[in-house]
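Below is one structure; the comments refer to it alone.
The values are calculated or read from the model by the stated rules, or taken from the named source; none is laboratory data. Please read these numbers as outputs of a predicted model, since none were measured by experiment. Because the Cβ atoms are built from the backbone with ideal geometry, glycine has one as well, and the counts that use them run over all protein chains shown. Accessible surface areas use protein heavy atoms only, side chains included; no ligands, DNA or RNA. Shrake-Rupley method; radii C 1.70, N 1.55, O 1.52, S 1.80 Å.
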Amino acid sequence: INIKKDKGKIKEVDSKLDLADMPGHYGIAHVRWATHGDPNKINAHPHTDETESVAVVHNGIIENYLDITEVIPHLIQKYMDKGFDLEDALRETIGIIHGAYAIAAISKNEPGKIIATRKDSPLIVGIGKDGYYLASDSPAILEYARDIIYPEKGELVIIDENEVIVKD
(Lines give C-alpha, C1' and ligand atoms only; values in the text may rest on other atoms or scores of the structure.)
Protein backbone atom coordinates (compact mmCIF):
# COMPACT_ATOMS: atom_id res chain seq x y z
CA ILE A 1 0.00 0.00 0.00
CA ASN A 2 1.49 3.32 -1.07
CA ILE A 3 0.52 6.26 1.12
CA LYS A 4 0.81 9.99 0.62
CA LYS A 5 -0.81 12.21 3.22
CA ASP A 6 -0.28 15.47 5.03
CA LYS A 7 -2.14 18.34 6.62
CA GLY A 8 -3.10 21.49 4.79
CA LYS A 9 -5.13 22.74 1.88
CA ILE A 10 -5.52 20.27 -0.99
CA LYS A 11 -3.51 22.37 -3.46
CA GLU A 12 -0.67 22.77 -0.96
CA VAL A 13 -0.54 19.07 -0.14
CA ASP A 14 -0.71 18.17 -3.83
CA SER A 15 2.08 20.63 -4.67
CA LYS A 16 4.22 19.13 -1.92
CA LEU A 17 3.47 15.42 -2.54
CA ASP A 18 2.36 15.23 -6.21
CA LEU A 19 -0.69 13.14 -5.33
CA ALA A 20 -1.34 12.11 -8.96
CA ASP A 21 2.03 10.35 -9.11
CA MET A 22 1.01 7.10 -7.46
CA PRO A 23 1.50 3.57 -8.80
CA GLY A 24 -1.50 1.34 -9.39
CA HIS A 25 -5.04 1.62 -10.67
CA TYR A 26 -7.10 2.13 -7.52
CA GLY A 27 -6.93 3.97 -4.25
CA ILE A 28 -8.72 5.65 -1.39
CA ALA A 29 -8.42 9.24 -0.21
CA HIS A 30 -10.24 11.57 2.14
CA VAL A 31 -10.27 15.26 2.89
CA ARG A 32 -11.37 15.87 6.45
CA TRP A 33 -11.81 18.30 9.26
CA ALA A 34 -10.18 17.28 12.52
CA THR A 35 -13.06 16.41 14.85
CA HIS A 36 -10.80 14.44 17.20
CA GLY A 37 -7.22 15.49 17.70
CA ASP A 38 -5.14 18.10 15.95
CA PRO A 39 -5.17 18.59 12.18
CA ASN A 40 -1.76 17.04 11.52
CA LYS A 41 -0.12 14.42 9.32
CA ILE A 42 -0.70 11.62 11.85
CA ASN A 43 -4.45 12.34 11.95
CA ALA A 44 -4.67 12.64 8.16
CA HIS A 45 -6.28 9.83 6.17
CA PRO A 46 -5.76 7.10 5.21
CA HIS A 47 -5.21 5.37 8.52
CA THR A 48 -3.46 2.00 8.62
CA ASP A 49 -2.89 -0.89 10.96
CA GLU A 50 0.61 -1.27 12.45
CA THR A 51 1.91 -3.31 9.50
CA GLU A 52 0.33 -1.05 6.86
CA SER A 53 -1.52 -4.09 5.48
CA VAL A 54 -4.92 -2.42 5.77
CA ALA A 55 -5.74 1.20 4.96
CA VAL A 56 -9.00 2.98 5.76
CA VAL A 57 -10.64 6.29 5.07
CA HIS A 58 -13.54 7.18 7.28
CA ASN A 59 -16.13 9.93 7.53
CA GLY A 60 -18.28 10.45 10.60
CA ILE A 61 -17.88 9.83 14.29
CA ILE A 62 -17.25 6.56 16.12
CA GLU A 63 -19.06 7.05 19.43
CA ASN A 64 -17.41 4.18 21.28
CA TYR A 65 -13.83 4.96 20.26
CA LEU A 66 -12.82 5.08 23.94
CA ASP A 67 -14.33 1.63 24.60
CA ILE A 68 -12.36 -0.17 21.90
CA THR A 69 -8.61 -0.39 22.00
CA GLU A 70 -8.03 -0.60 18.26
CA VAL A 71 -9.02 1.86 15.60
CA ILE A 72 -10.85 0.68 12.49
CA PRO A 73 -7.87 -0.60 10.44
CA HIS A 74 -6.53 -2.43 13.48
CA LEU A 75 -9.89 -4.14 14.03
CA ILE A 76 -10.08 -5.12 10.35
CA GLN A 77 -6.55 -6.55 10.45
CA LYS A 78 -7.35 -8.39 13.70
CA TYR A 79 -10.14 -10.25 11.89
CA MET A 80 -8.01 -10.82 8.80
CA ASP A 81 -5.35 -12.36 11.04
CA LYS A 82 -8.06 -14.82 12.14
CA GLY A 83 -8.63 -15.83 8.50
CA PHE A 84 -11.42 -13.45 7.47
CA ASP A 85 -11.27 -11.84 4.05
CA LEU A 86 -11.52 -8.05 3.80
CA GLU A 87 -15.28 -8.09 3.27
CA ASP A 88 -16.02 -10.26 6.30
CA ALA A 89 -13.44 -8.43 8.42
CA LEU A 90 -15.18 -5.10 7.71
CA ARG A 91 -18.56 -6.71 8.44
CA GLU A 92 -17.26 -7.90 11.83
CA THR A 93 -15.75 -4.49 12.54
CA ILE A 94 -18.98 -2.60 11.94
CA GLY A 95 -20.63 -4.99 14.38
CA ILE A 96 -18.38 -3.52 17.09
CA ILE A 97 -18.28 0.19 16.33
CA HIS A 98 -21.12 2.57 17.10
CA GLY A 99 -21.85 5.92 15.54
CA ALA A 100 -22.46 7.55 12.20
CA TYR A 101 -19.87 6.65 9.59
CA ALA A 102 -18.91 5.90 6.02
CA ILE A 103 -15.83 3.69 5.63
CA ALA A 104 -13.75 2.55 2.68
CA ALA A 105 -11.01 -0.04 3.21
CA ILE A 106 -8.30 -1.72 1.17
CA SER A 107 -5.89 -4.52 2.01
CA LYS A 108 -2.57 -5.50 0.47
CA ASN A 109 -3.82 -9.10 0.76
CA GLU A 110 -6.64 -8.37 -1.71
CA PRO A 111 -5.17 -5.95 -4.26
CA GLY A 112 -7.57 -4.25 -6.63
CA LYS A 113 -10.51 -4.41 -4.23
CA ILE A 114 -12.19 -1.68 -2.19
CA ILE A 115 -14.84 -2.51 0.41
CA ALA A 116 -17.07 0.28 1.73
CA THR A 117 -20.07 0.67 4.00
CA ARG A 118 -22.10 3.35 5.71
CA LYS A 119 -24.28 4.01 8.72
CA ASP A 120 -26.01 7.38 9.03
CA SER A 121 -23.30 9.15 6.99
CA PRO A 122 -23.54 9.64 3.24
CA LEU A 123 -21.83 7.32 0.79
CA ILE A 124 -22.44 7.09 -2.94
CA VAL A 125 -21.00 4.91 -5.67
CA GLY A 126 -20.38 6.42 -9.09
CA ILE A 127 -20.20 4.33 -12.23
CA GLY A 128 -18.20 6.02 -14.97
CA LYS A 129 -16.84 5.00 -18.33
CA ASP A 130 -13.31 4.82 -16.89
CA GLY A 131 -13.99 3.32 -13.48
CA TYR A 132 -15.91 3.28 -10.24
CA TYR A 133 -15.89 5.96 -7.57
CA LEU A 134 -16.89 6.37 -3.92
CA ALA A 135 -17.77 9.74 -2.45
CA SER A 136 -19.91 11.38 0.19
CA ASP A 137 -21.91 13.36 -2.36
CA SER A 138 -22.46 13.49 -6.11
CA PRO A 139 -20.75 16.84 -6.90
CA ALA A 140 -17.43 15.25 -5.92
CA ILE A 141 -17.63 12.71 -8.76
CA LEU A 142 -19.95 14.20 -11.40
CA GLU A 143 -16.98 14.93 -13.64
CA TYR A 144 -16.18 11.21 -13.72
CA ALA A 145 -19.48 9.38 -13.23
CA ARG A 146 -23.11 10.12 -14.05
CA ASP A 147 -24.67 6.86 -12.86
CA ILE A 148 -24.98 6.85 -9.06
CA ILE A 149 -25.81 4.11 -6.56
CA TYR A 150 -27.00 5.14 -3.09
CA PRO A 151 -26.15 2.27 -0.70
CA GLU A 152 -28.51 1.79 2.21
CA LYS A 153 -27.34 1.86 5.82
CA GLY A 154 -25.37 -1.30 6.61
CA GLU A 155 -24.92 -2.44 3.02
CA LEU A 156 -21.44 -3.40 1.87
CA VAL A 157 -20.09 -2.15 -1.44
CA ILE A 158 -17.43 -4.30 -3.09
CA ILE A 159 -15.56 -2.65 -5.94
CA ASP A 160 -12.91 -4.18 -8.15
CA GLU A 161 -11.76 -3.36 -11.66
CA ASN A 162 -14.63 -5.33 -13.22
CA GLU A 163 -17.73 -4.61 -11.17
CA VAL A 164 -19.57 -3.07 -8.25
CA ILE A 165 -21.47 -5.41 -5.94
CA VAL A 166 -23.79 -4.17 -3.18
CA LYS A 167 -24.69 -6.64 -0.42
CA ASP A 168 -27.12 -6.21 2.45
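Tabulated data
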read-out	value
I76 assigned to a strand (DSSP E or B), within 16 Å of the chain's Cα centre (by Cα) and closer than 20 Å to R118 by Cα	no
Leading residue by the ranking (modelled with the lowest pLDDT) among those in the stretch 53-72 that are open to solvent by less than 90 Å² (accessible area, probe 1.4 Å) and assigned to a loop (DSSP other than H, G, I, E, B)	E70
Strands (runs of 3 or more DSSP E) lying entirely in the stretch 94-160 (those with 2 or more residues that are open to solvent by less than 50 Å² (accessible area, probe 1.4 Å) and under 21 Å from S53 (Cα atoms))	99-107, 114-119, 156-159
Residue satisfying all of: in the stretch 6-22; of a type outside the set (D, E) and without any contact (Cβ under 8 Å) to a residue 12 or more places away in the chain; least open to solvent (accessible area, probe 1.4 Å) among these	V13
Test: residue in the stretch 80-88 that is under 22 Å from V31 (Cα atoms) and either at pLDDT 95 or above or acidic (D, E) (or both)	no
Filter pass, A89 being closer than 14 Å to V157 by Cβ and either open to solvent by less than 50 Å² (accessible area, probe 1.4 Å) or among the acidic types (D, E) (or both)	no
From H25, H45, residue being surrounded by 15 or more Cβ atoms within 10 Å (Cβ to Cβ), touching a strand residue (DSSP E or B) at 6+ places or on another chain (Cβ under 9 Å) and either among the small types (G, A, S) or assigned to a loop (DSSP other than H, G, I, E, B) (or both)	H45
